[in-house]
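The values are calculated or read from the model by the stated rules, or taken from the named source; none is laboratory data. Predicted model only: the values in this text are computed from it and were never measured. In this analysis, Cβ positions are derived from the backbone assuming ideal geometry, glycine residues included, and neighbour counts consider all displayed protein chains.
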Amino acid sequence: MNFKSLGIIDPILKALERQGYETPTPIQEMSIPVLLEKHDVLASAQTGTGKTASFAIPIIQGLYGNPSLVKPRIIRTLVLAPTRELAEQIKDSFRLYSHGMDLKTDVVYGGVSQHKQELSVRRGLDILVATPGRLLDLVNQGIVKLNHVEYFVLDEADRMLDMGFIRDVRKIVSYIKKERQTMLFSATMPNEILTLAHELLNDPKRIEITPREAMIDKIDQSVYYVAKSKKVDLLIDLLVNPFMRRVLVFTRTKNGANRLVKALLAYGVKADAIHGNKSQNQRTKALQNFKNNKLRVLVATDIAARGIDVDDLTHVVNYDLPETPETYVHRIGRTGRAGQSGIALSFCSQEEAHLLQAIHKHNKMMIPLVSKQPFHIEIRFGQTKNEVKQLKGKGSQRGKSNQFGKNKRMSNKQYSKNTNKKNSNHNYRSNRSKKK
Ligand code: AMP
């Protein structure tokens, strides 16, 4: 299968060639012909599968084949994305795939001054990529008009839901005419998204690229059992490996990300963090430095990492396990993009045992355990919800008192057995450090 056989016109084929794309990815193979036939599409696919091109190419082809003579240009395509980073990447992709075709694409998002965005919109655009909040602001000020939109894309709809944007999305849609082609992409399809799809789409074709098929089998995954307090040491120990060239590390919290960066810098590992508390400029700079190899490690929280498109990521590290198994699949999908294989390492502390179990169940496979490592601990599975809660709450108090009340599964005796085991690991580590 090649791009030409999908019915793509020459100028776009040339642009794809410039990008070095030889064969369409599965989602491109499935979506492009359907979209060229003007069907609406409901697609389950995540970033990393080539989905941006799967909607951008047919849209560009539609706009080019039916040019508007109105000047200044009017917005004929609207793409909504949940994060600034993803919006930027979609804008870049549209520009690349429409190279030399006299189409104008730009992006608007919050957190930066409105002025430049306003000028760009006033000069005229064919394609606008936007995050919902800023777009609504601009619509309410009468700067952006959506009444000429013919192609409407809602990207990463499930993430929009997580981030509380669905109301804004509905409001935005109310400004767009009904005679349009609509494409909804989402990694997962919770009921709220299916309801939204029902409202927005007209007799859509359903396209499904399951992450499993797309990439999970291509990724070399492993898990390390480690005490929460030893995760930094484990990561530093692993970073001795020079093959860990470009590493994306996920932490659960923004503070956790900052603390980890501090610790890595103290060990001479070039690292920076991106998360919601960083300004847009700081995030762009960190991402740029990471792409230019000025940073070896980028530490991110899930929301900030959405849509980050960094080629040649050697490793993804789940420093903290995610709260949902779907997020695990998203995270490890950062490595092994567009068919490349990648490596994903996950750290699991006793407090996170239930999260690891959920991942195993969801992916119907066990992540191979690396026990030959200096910080290995034994982990017990199958705790009650209460035990997990207590462990989480008193994580830093462990060893000081017995946190399990009567009737709980772990007896004092067992607890001390575990503590001893941990101590023996500490001994191992100190022996090891002495040897160094
Ligand atoms: P996306 O899922 O749209 O974020 O795309 C993931 C990555 O795959 C991006 O770096 C694209 O440039 C790249 N890509 C998309 N389609 C192809 C293709 N057909 N061949 C090679 N790389 C591709």
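The single condition among (1) in contact with a Lys or Arg (Cβ under 7 Å, 6 or more places away or on another chain); (2) within 27 Å of GLY276 (Cα to Cα) that ASP158 does not satisfy is (1).
The condition (being assigned to a helix (DSSP H, G or I) and more than 11 Å from the ligand (Cβ to nearest atom)) is satisfied by just one residue among LYS38, LYS71, LYS91: LYS91.
Every test in (1) more than 30 Å from ASP302 (Cα to Cα); (2) away from the ligand (no atom under 16 Å from the Cβ) is passed by GLN117 save one, and that test is (1). The set of residues from segment 223-244 being more than 17 Å from GLU378 (Cβ to Cβ), modelled with pLDDT of 95 or more and within 22 Å of the chain's Cα centre (by Cα) comprises just one member, LEU235. Take ALA81 and decide whether it is near the ligand (Cβ under 9 Å from one of its atoms) and touching a Phe, Trp or Tyr at 6+ places or on another chain (Cβ under 9 Å). In short, no. Taking segment 61-84 as the range and being closer than 26 Å to LEU136 by Cβ and not hydrophobic (A, V, I, L, M, F, W, C) as the test, the residues that pass are GLY62, SER68, PRO72, ARG73, ARG76, THR77, PRO82, THR83, ARG84.
Which is without any contact (Cβ under 8 Å) to a residue 40 or more places away in the chain and in the same structural domain as THR335 (by TED's automatic domain parsing), of VAL223, VAL249, VAL261? Can you show your working first?
Details: VAL223 fails: without any contact (Cβ under 8 Å) to a residue 40 or more places away in the chain; VAL249 fails: without any contact (Cβ under 8 Å) to a residue 40 or more places away in the chain.
The conditions single out VAL261.
Just one of the listed residues (PRO11, PRO24) is assigned to a helix (DSSP H, G or I) and either of a type outside the set (S, T, N, Q) or at pLDDT below 95 (or both), namely PRO11.
Scanning for something more than 25 Å from SER54 (Cβ to Cβ) and among the small types (Gly, Ala, Ser), does segment 145-161 turn up at least one residue?
Step one: of segment 145-161, the residues more than 25 Å from SER54 (Cβ to Cβ) are 145, 147.
Checking the rest, the ones that are also among the small types (Gly, Ala, Ser) come to none.
Among the residues of segment 145-161, not one is more than 25 Å from SER54 (Cβ to Cβ) and among the small types (Gly, Ala, Ser), which makes the answer no.
The condition (being in the same structural domain as GLU150 (by TED's automatic domain parsing) and at pLDDT below 95) is satisfied by just one residue among VAL108, VAL121, VAL112, VAL129: VAL112.
Which one of these is closer than 21 Å to PRO33 by Cα and in contact with a Ser or Thr (Cβ under 6 Å, 6 or more places away or on another chain): ILE193, ILE209? Break it down stepwise before answering.
Working: ILE193 fails: closer than 21 Å to PRO33 by Cα.
From the options ILE193, ILE209, the qualifying one is ILE209.
Going by the conditions given, is GLY110 in a loop (DSSP other than H, G, I, E, B), under 25 Å from the mean Cα position of the chain (by Cα), more than 16 Å from the ligand (Cβ to nearest atom) and touching a residue at least 24 places away in the same chain (Cβ under 8 Å)? Criteria met by GLY110. The number of residues in segment 189-205 that are in a helix (DSSP H, G or I), over 11 Å from LEU161 (Cβ atoms) and either in contact with a strand residue (DSSP E or B) (Cβ under 7 Å, 6 or more places away or on another chain) or not assigned by TED's automatic domain parsing to the domain that holds ARG159 (or both) comes to 2.
If only residues of segment 14-31 that are surrounded by fewer than 24 Cβ atoms within 10 Å (Cβ to Cβ) and over 19 Å from ARG95 (Cβ atoms) are counted, the one that is farthest from the ligand (Cβ to nearest atom) is MET30. Based on this model, can you work out whether ILE74 counts as hydrophobic (A, V, I, L, M, F, W, C) and over 25 Å from ALA157 (Cβ atoms)? Yes.
Would you point out the residue of segment 41-58, among those that are near the ligand (Cβ under 9 Å from one of its atoms) and polar (S, T, N, Q), that is farthest from SER93 (Cα to Cα)? By that ranking, first place goes to GLN46.
Look at (1) part of a helix (DSSP H, G or I); (2) over 28 Å from the mean Cα position of the chain (by Cα) and you find that ARG134 fails only one, number (2). Of the helices (runs of 4 or more DSSP H) that lie entirely inside segment 245-337, those containing 3 or more residues that are modelled with pLDDT of 95 or more span 254-266. Quick one: would you say GLY7 is of a type in the set (Gly, Ala, Ser), under 27 Å from ASP203 (Cβ atoms), over 28 Å from the mean Cα position of the chain (by Cα) and within 16 Å of the ligand (Cβ to nearest atom)? Spelling it out, GLY7 is indeed of a type in the set (Gly, Ala, Ser), under 27 Å from ASP203 (Cβ atoms), over 28 Å from the mean Cα position of the chain (by Cα) and within 16 Å of the ligand (Cβ to nearest atom).
Condition check ((1) farther than 14 Å from LEU321 by Cα; (2) at pLDDT 90 or above) across all residues:
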{"position": "ILE343", "(1), (2)": "yes, yes"}
{"position": "ALA353", "(1), (2)": "no, yes"}
{"position": "LEU356", "(1), (2)": "no, yes"}
{"position": "ILE359", "(1), (2)": "no, yes"}
{"position": "ASN363", "(1), (2)": "yes, no"}
{"position": "VAL370", "(1), (2)": "yes, yes"}
{"position": "GLU378", "(1), (2)": "yes, yes"}
{"position": "GLY382", "(1), (2)": "yes, no"}
